[in-house]
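Student: Before we start, here is the structure in question, set down as structure tokens.
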Amino acid sequence: MQQVTVRCTVDNCYYWRGGNVCDAKEILVTNDMVGQRYPGEVDVQHLSTVLEEVGETPVKSCQETCCKTFRPGK
Ligand code: SF4
């Protein structure tokens, strides 16, 4: 699997580290409609289930996307 460094400025997330780096092993980025359907964060144990349920979710702009792995941390 390709390794990707995720840069993120959401510094009150549990997975956020100094230098604006995400320390999560996996994250789920999806569209805002899915974000509303699953109002809480999607933990790693439920990631496959959610992915099977929502399928592919195209958007027209970056403003329609969100990170569903966010977890309050501070
Ligand atoms: S899980 Fe999402 S919100 Fe949290 S640090 Fe990573 S990319 Fe940012």
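Student: Within the set of pairs 6 or more residues apart or between chains, which connect a residue that is surrounded by 12 or more Cβ atoms within 10 Å (Cβ to Cβ) inside the stretch 1-19 to a residue that is in a loop (DSSP other than H, G, I, E, B) and among the basic types (Lys, Arg) with Cβ atoms less than 7 Å apart?
Tutor: Cys13/Arg71; Tyr14/Arg71; Tyr15/Arg71
Student: Take the residues of the stretch 15-52 that are part of a strand (DSSP E or B), within 14 Å of the ligand (Cβ to nearest atom) and not hydrophobic (A, V, I, L, M, F, W, C): which is nearest to the chain's Cα centre (by Cα)?
Tutor: Of all residues in the stretch 15-52, those part of a strand (DSSP E or B) come to 16-17, 21-22, 29-31.
Within this subset, residues satisfying the condition of being within 14 Å of the ligand (Cβ to nearest atom) are 16-17, 21-22, 29-30.
Cutting the leftovers down to not hydrophobic (A, V, I, L, M, F, W, C) gives us 17, 30.
Working: Arg17: 15, Thr30: 7 Å.
The extreme case among them is Thr30.
Where a number appears in this text, it was derived from the coordinates with a stated rule and is not lab data. Not measured: the values here are computed from a predicted model. Don't worry about glycine lacking a Cβ; one is built from the backbone with ideal geometry, like all the others, and counts go over all protein chains shown.
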